[in-house]
Amino acid sequence: MSVRREDLLNLGTTREVERWECDIQDVDGFSASKSELHLFKSMDAMVEKNSKEMIDEITPEKLAENLAWDEIRIISRVDHDFFQTWSWDGRVFLMNSGGSHHFAASKYIAKRLNIEVPLSGRYRVHGINQVALESLTQDFEIFVMSSYHTHQMCFHRAMQSFKATYYWKDLPRPYTDQCAVFLPKAERRSAKVAEILHASAFQDLGRYLKDISTR
């Protein structure tokens, strides 16, 4: 049985600024790159490791050469790439479709030359609707669980045997191997399962979302 909850549908918020302005040093990361982004703590580390030839000269000419790369579409196109922030994280990401190494090299050189590189484009800030979250957590205990089929089936059989109500929903990227399990507080058996999950140190997603929504 599926349940439609308006509070769950409205849990996320997005605020958009059409023409946001920043400097290249304000950008902390990318959405896409030929490099494995998760291996690097910063853009500088990525370009130092994988694109040394782009930063072999710390000169205005080398900076201009990198910035002229056509795949830096936040510069070379209008209304293509854009900026994005998740409010609980605070960093600014360039949602790009190319040009990550040349962009990182430009940032690297500009910082060392103390040259400003102004950028502008659409800016989306994602947050959590605290009213919707309060509504959800008032009615449910919410936990994180594995989405692997064998794990889900074991949990389902246990809940079926115990005759306890629960609902589940897949989590978004990058947590696609996990799901959220909703246990109605008003149902005695479901509340008992919630006690067991708390005691077993399952992640309390409701509490986690409340914590990050106030950052």
Positions within segment 114-137 being in contact with a helix residue (DSSP H, G or I) (Cβ under 9 Å, 6 or more places away or on another chain), closer than 18 Å to LYS210 by Cα and not hydrophobic (A, V, I, L, M, F, W, C), in sequence order
GLY127, ASN129, GLN130, GLU134, SER135, THR137
For segment 159-174, how many residues are within 30 Å of LEU37 (Cα to Cα) and touching a residue at least 24 places away in the same chain (Cβ under 8 Å)?
2
Can you tell me which of TYR166, TYR123 is assigned by TED's automatic domain parsing to the domain that holds ILE75 and not hydrophobic (A, V, I, L, M, F, W, C)?
TYR123
Which count do you get for residues in segment 178-213 that are free of Cβ contacts under 8 Å to residues at least 60 places away in the same chain and not in a helix (DSSP H, G or I)?
13
Quick check on this structure: which one of ILE115, ILE75 is touching a residue at least 40 places away in the same chain (Cβ under 8 Å), closer than 18 Å to GLU21 by Cβ, among the aliphatic types (A, V, I, L, M) and surrounded by fewer than 16 Cβ atoms within 10 Å (Cβ to Cβ)?
ILE115
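The values are calculated or read from the model by the stated rules, or taken from the named source; none is laboratory data. Keep in mind that this is a model prediction, so the values were computed, not measured. Don't worry about glycine lacking a Cβ; one is built from the backbone with ideal geometry, like all the others, and counts go over all protein chains shown.
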